[in-house]
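There's a structure below that I have some questions on.
What follows draws every value from the coordinates through simple rules; no lab data is involved. Fair warning: this is a prediction, and the values are worked out from it, not measured in the lab. All Cβ positions, glycine included, derive from the backbone under ideal geometry; neighbour counts span all protein chains shown.
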Amino acid sequence: MRRTQNGIGLNMLLEPAKVEAARWRRFKANGNARDRSELFSEYQPFARKIAGSLFRARSHLGMEYGDFEQLAYAGLLEAMEAFDPSIGSRFHSFARHRIKGSISDGLIKANEKNAQLTYERQKERDRMNSLTSRDNASGSSLENTAEVAVSLALGLLLESAGIAYSGDSADTAADGFQSLAFRQLEHSVYEEVQKLPDPEDLVIMQHYIEGTAFVEIAKLLKLTKGRISQLHKTALNRLRKRLKHFL
Amino acid sequence: MQLCSDEEINQLVEDLQSGETNGVERLSSVLQSYPDDPRLVFMMASMLASKGDLVNAHKYFGRAIEIAPDLHIARFQFGLFQLTSGESNAALKTWALLDTLPEGHYLKLFATGLRHLIRDEFDDCVRFLQEGISVNDENLPLNGDMQMLIDRCRDQLAAAPEYAVAEEPSEEQSATSILLKQFGDGRNTRH
């Protein structure tokens with residue numbers, strides 16, 4: 001009997017439209033967080049595309065692209081909750097208006113407040129708050145500070161690995177910027193993220209690989225933002241320990 | 001359970017195949033009169049699947065084998081639907097009752113072949129699918145589907161595994177889930 005790599009036979013049979021329909025069916029039937037997360041990931045490029053086109057049209061408003069993206073993700077989540085796959089309409093056409101609406105509403109609110117924290121600053125603040133929270137902190141303040149610094153560095157590495165694995169990066173190998181060792185490190189980081197327990201893997205993947213803010217991940221996983229912050233810290237601590245020979 | 005007469009079914013199949021009527025509407029109206037006729041429910045599942053209404057198709061497939069656990073063609077097709085949706089465990093559960101079919105029955109052979117395929121046992125998969133094709137003279141469109149799978153298995157076996165890439169199913173293949181054809185001579189695959 002000849003066998004080849006596991007899963008090839010099943011993959012030969014898979015029909016993407018059916019796989020997606022099955023996710024919708026399970027998500028709507030039992031609110032499964034993993035199905036919701038997979039659907040969210042599936043449609044994130046679509047949301048980003050809308051965010052990109054609106055950002056180019058309204059770049060004069062002074063907001064960052066990251067803000068548009070987060071508003072698009074909020075709209076995507078709302079659309080996912082409201083969509084009824086049994087009606088037979090396509091999700092893209094259903095979600096397009098909601099995503100655009102979410103961005104427009106967000107821009108109006110930002111202008112009203114005139115003090116909108118930009119996404120990049122919010123992201124940095126979320127991470128810092130998460131890592132400096134006192135729960136489970138032990139050791140001297142110097143040790144804790146060092147741990148936070150390493151965790152922040154690990155976060156930057158995760159973002160770098162995310163860019164490398166999302167295919168968004170230019171090939172920098174040719175100019176020698178990315179050494180083989182660094183790419184191996186990115187690969188190890190990415191592999192360790194895959195091994196994190198559920199839902200820590202989802203939090204890290206969404207935040208660092210997909211660039212989703214804590215507040216949107218909280219909506220996605222139906223958890224509080226505080227819980228996401230805890231999971232983020234726990235996951236980074238776990239990764240830090242597993243990757244200590246690199247860091 | 002009130003069943004649709006053979007005459008009505010024949011007329012329905014004829015209307016649907018003519019393409020002159022809205023199939024889903026026509027079938028829905030007949031289903032209103034015979035909501036528990038598993039053949040009609042299965043036909044609706046197949047039609048919805050062919051139109052891409054996959055969530056509702058799943059519901060009707062499930063309903064068909066719930067009403068008639070021994071409607072084996074529906075059971076086989078539902079399992080195949082689940083398998084192609086990435087729900088292999090559900091497919092295996094659905095197919096479990098096909099093991100009660102007599103040895104050498106084409107649906108049992110096809111299901112066995114596909115079980116081997118899930119486990120990447122391509123040689124055994126090809127063997128069982130071929131055997132199924134050789135004995136299936138009841139449901140010829142299904143032979144075409146299985147032959148396509150055999151061809152892909154052979155390609156897989158011929159290629160180095162590290163270069164093997166899963167292909168998207170062709171339109172022609174997807175269209176085979178339009179099972180109206182099966183309501184010809186073999187429409188009553190029940191044992």
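Two decimals, Cα atoms only, Kirkwood Rh: what is Rg/Rh over the stretch B:34-124?
On the way: Rg = 13.1 Å, Rh = 13.3 Å.
Rg/Rh for the stretch B:34-124 comes to 0.98.
Here's something else I'd like to know. I'd like the mean, over residues of B:81-89, of how many other protein chain beta carbons sit within 10 Å of each residue's own Cβ. Please list the in-between numbers first.
Values: counts 4, 2, 5, 10, 12, 11, 5, 5, 0.
So the per-residue partner count for this stretch is 6.
Relative contact order of the stretch B:1-148, please, whole-number percent, based on alpha carbon pairs below 8 angstrom and at least 6 residues apart.
Details: 148 pairs, mean separation 18.0, N = 148.
Contact order relative to length: 12 percent.
Let me ask something else. Would you mind computing, in nm to one decimal, how far apart the modelled labels at A:Arg56 and A:Asp105 are, each placed 7 Å from Cα along Cα→Cβ?
A separation of 2.7 nm, rounded to one decimal place.
Enter the Cα centre distance for the pair the stretch B:66-94 and the stretch B:115-156, rounded to the nearest angstrom.
Each part's Cα centre sits 17 Å from the other's.
Another question, if that's okay. R0 = 41 Å: FRET efficiency of B:Leu140 with A:Ser133, Cβ-based, nearest 0.05? Spell out each step's value before the answer.
Values: r = 66 Å, r/R0 = 1.62.
That pair, B:Leu140 with A:Ser133, gives E of 0.05.
Please arrange B:Thr21, A:Thr234, B:Thr112 by how many other C-beta atoms lie within 10 Å of their C-beta, fewest to most. The partial results should precede the final answer.
Values: B:Thr21 12, A:Thr234 17, B:Thr112 20.
Going from least to most buried by this count: B:Thr21, A:Thr234, B:Thr112.
Moving on. Please report the spacing between the Cα centers of the stretch A:17-61 and the stretch A:191-223 in Å, no decimals.
15
Say the cut-off is 30 Å between C-alpha atoms; which of A:Lys18/A:Lys244; A:Lys28/B:Lys108; A:Lys28/A:Lys225 go over it? Don't skip to the end; give the middle numbers.
Numbers: A:Lys18/A:Lys244 42 Å; A:Lys28/B:Lys108 33 Å; A:Lys28/A:Lys225 23 Å.
Too far apart for the 30 Å limit: A:Lys18/A:Lys244; A:Lys28/B:Lys108.
With labels modelled as points extended 7 Å from the Cα through the Cβ direction, what inter-label distance (nm, one decimal) is found for A:His187 paired with B:Asp6?
Those two pseudo-labels are separated by 6.6 nm.
Another one. Which ³J(HN,Hα) values, rounded to whole Hz and listed in residue order, are derived for the stretch A:191-208 from phi using the Karplus coefficients 6.51, -1.76 and 1.60 in 6.51 cos²θ - 1.76 cosθ + 1.60 with θ = phi - 60°, glycine and proline given as x?
Using θ = phi - 60°, the values come out as 5, 5, 4, 4, 8, 5, x, 6, x, 4, 4, 5, 4, 5, 4, 5, 6, 8 Hz.
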